[in-house]
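Here is the structure we will look at.
Bear in mind that the values in this text are calculations on the coordinates, not laboratory data. All of these numbers come straight from a predicted model, not from anything done at the bench. Counting neighbours? That spans all protein chains shown, and the Cβs are built from the backbone with ideal geometry, glycine included.
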Amino acid sequence: MGGLAGTNRRGSILLEEAKVLQHQTLPEGQYLLRLQAPGIALKARSGQFVHLCCGPELPLRRPFSLLRAEPDAGWVEILYKEVGTGTSLLAKQQPGTCLSLLGPIGNSFSPSVERSRPLLIGGGVGLPPMVFLAGEMGVDWPGHQTLVLLGSEIPFPFTPRPSRLLLPDMPAEAIAAMPLLEDRGTPSRLASNQDFPGCFQGHVTALAEHWLEALDKVELAKVEIYACGPGPMLKATAALAHRFGVPSQLALEEYMACGVGGCAGCVVEVAGPDGPEMKRVCVDGPVFDGSRVFPS
């Protein structure tokens, strides 16, 4: 569980002038941004994030989870939604612009050799780390049977399509999948309360519960849950992990000012061996053992 050790990693953070390579507008004010940042692309791992200067007019950086990193090509991608001053400024940046980028920051997910049926759950802004982790799983753990469940209450930032990968333990109506994952051979299913075609109608954690209930004790012993998303979703995920007796790793989303552990503005309480402990999400996380963040 090396990725959960909480080791201070500030000495490994890079500062790069990242050129905007592509900036794609997606539904509901969402954007896909590709940045040339070869040093960060080489070191980035799933669960980590970057701290980006959204424009010269706004010196205070904004944190963004990483969707993908291509070390050979030297680029990273972030998926974001326009919600405030920083992201509104970022949405105006055109290809060719250079933006100051700090990263990769924080720890990463730490897959288990023994737990060969990883269940990845992403909700809303928590989709990118799950897509990144699924890519790592496919390369580093080809024998693992990875399943990715994604939930959103706004249109997904991609065009869902019916899955060609059979999942007998899924509800019959849940056939929509993410094309990027599908093309890699990684099964995925989508959930929403918005009646999107082909999606499971309900919370993504309810879809996860349906899948877990279908497994016997032998198969459950192979499961570990990895998740990122809103606080209520993560709390529900930790409750599922406790109920079914499986470990979980959760990537927390918190407001961050400095992003490198100096301001302590992102502190959360977690359970420690001697009682509650205060941890900085940016450098002690963002990935934590789910049972420590949401003790049963």
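Before moving on, here are some points about what is shown:
- Point-to-point label distance, E82-K235, nm (Cα→Cβ direction, 7 Å offset): 3.3
- Most mobile listed residue (G106, G202, G262) in the chain, GNM with C-alpha springs under 10 Å: G262
- Dividing the summed helix terms, -39500 (n - 2.57) for each DSSP H run of n ≥ 4, by the number of residues in the chain produces a 222 nm estimate of -6000 deg cm²/dmol to the nearest 500.
- Greater than 29 Å apart at Cα, pairs in K217/K279; K19/K81; K43/K279; K81/K222: K217/K279; K81/K222
- Given the chain, longest segment not containing exposed loop trypsin sites (Lys or Arg not before Pro) (DSSP; at most 13 other Cβ within 10 Å): 165-296
- Here the dipole of the chain is about 420 debye; that uses its Cα centre as origin and unit charges on the Cβ of Lys and Arg (positive) and Asp and Glu (negative).
- By the rule of a second cysteine Cβ within less than 4.7 angstrom, the chain holds isolated cysteines at C53, C54, C98, C199, C228, C266, C282.
- Note on the chain: with a GNM built from Cα contacts shorter than 10 Å, the maximum mean-square fluctuation among F64, F158, F49 falls on F158.
- Residues H23, H51, sorted so that the one with the fewest Cβ neighbours within 10 Å comes first: H23, H51
- GNM result for the chain, Cα springs below 10 Å: residue of G285, G74, G261 fluctuating most strongly: G74
- Helical segments meeting 18 Å axial Cα length and Kyte-Doolittle -0.5 threshold in the chain (DSSP H): 127-140, 231-244
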